[in-house]
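A short write-up of the structure that comes next.
The values are calculated or read from the model by the stated rules, or taken from the named source; none is laboratory data. Here the structure is a predicted model, which means the values were calculated and not measured. When we count neighbours, we look across all protein chains shown, and the Cβ atoms used for this are built from the backbone with ideal geometry, even at glycine. Keep in mind that these areas ignore ligands, DNA and RNA; they rest on the heavy atoms of the full protein, side chains included. Shrake-Rupley method; radii C 1.70, N 1.55, O 1.52, S 1.80 Å.
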Amino acid sequence: MHTLRLTMIGLVLMSVFVFVAAQINRRKNKRAVDGARIFIWLWLVVFVVNFSLGVFVANYSIATELAVHVVVFGLPAGVAWYLSRKLHHRA
């Protein structure tokens, strides 16, 4: 359940970053803001903190935490990367 919840939070947060960046880019004519890239870096920080808590505080094995966090980090970051490529090729 924790894996599903974190993955869904990541997808929702990624959507917010992409939407806000699109609104900012619509209003200004300067350098475009890439909300997807900003999200990926933020999500990496969340991943590292959550991974560390799982290994060092909850005493899960590194292999177990890594298997779970591949999904938790990979799915939202992969969608964000795809959107980043798609939005920048369109512009």
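Go through segment 1-58 and name the trypsin sites (Lys or Arg not before Pro) that are in a DSSP coil and have 12 or fewer other Cβ atoms within 10 Å of their Cβ.
Values: sites: 5, 26, 27, 28, 30, 31, 37; in loops: 28, 30, 31.
In loop regions of segment 1-58 (DSSP not H, G, I, E or B), the sparsely surrounded trypsin sites (Lys or Arg not before Pro) are 28, 30, 31.
Using a Gaussian network for the chain with springs between C-alpha atoms less than 10 Å apart, which of these wobbles most: 39, 51, 73? Ranking 39, 51, 73 by mean-square fluctuation puts 51 first.
Leaving out ligands and nucleic acids, and using a 1.4 Å probe, what accessible area per residue does the chain come to in Å²?
Working: 6460 Å² over 91 residues.
Counting only protein heavy atoms, the per-residue value for the chain is 71 Å².
Under a Gaussian network description of the chain, with springs only between Cα atoms under 10 Å, the residue in 21, 58, 80 that fluctuates furthest is 58. To the nearest ten degrees, helix 62-90 and the longest principal axis of the Cα atoms of the chain are 10 degrees apart.
How fast does the chain diffuse by Stokes-Einstein, in µm²/s, taking the Kirkwood radius from C-alpha pairs at 10 °C and 1.306 mPa s?
On the way: Rh = 14.0 Å.
Reported coefficient: 113 µm²/s.
To the nearest ten degrees, helix 2-27 and the longest principal axis of the Cα atoms of the chain are 20 degrees apart.
Remark: spin-label model distance residue 88-residue 31 equals 1.3 nm, labels positioned 7 Å along the Cα→Cβ axis. Model label sites at residue 41 and residue 13, defined 7 Å from Cα along the beta-carbon direction, differ in position by 1.5 nm. Just the protein heavy atoms count here, and of the accessible area of the chain at 1.4 Å, carbon and sulfur take up 72 percent.
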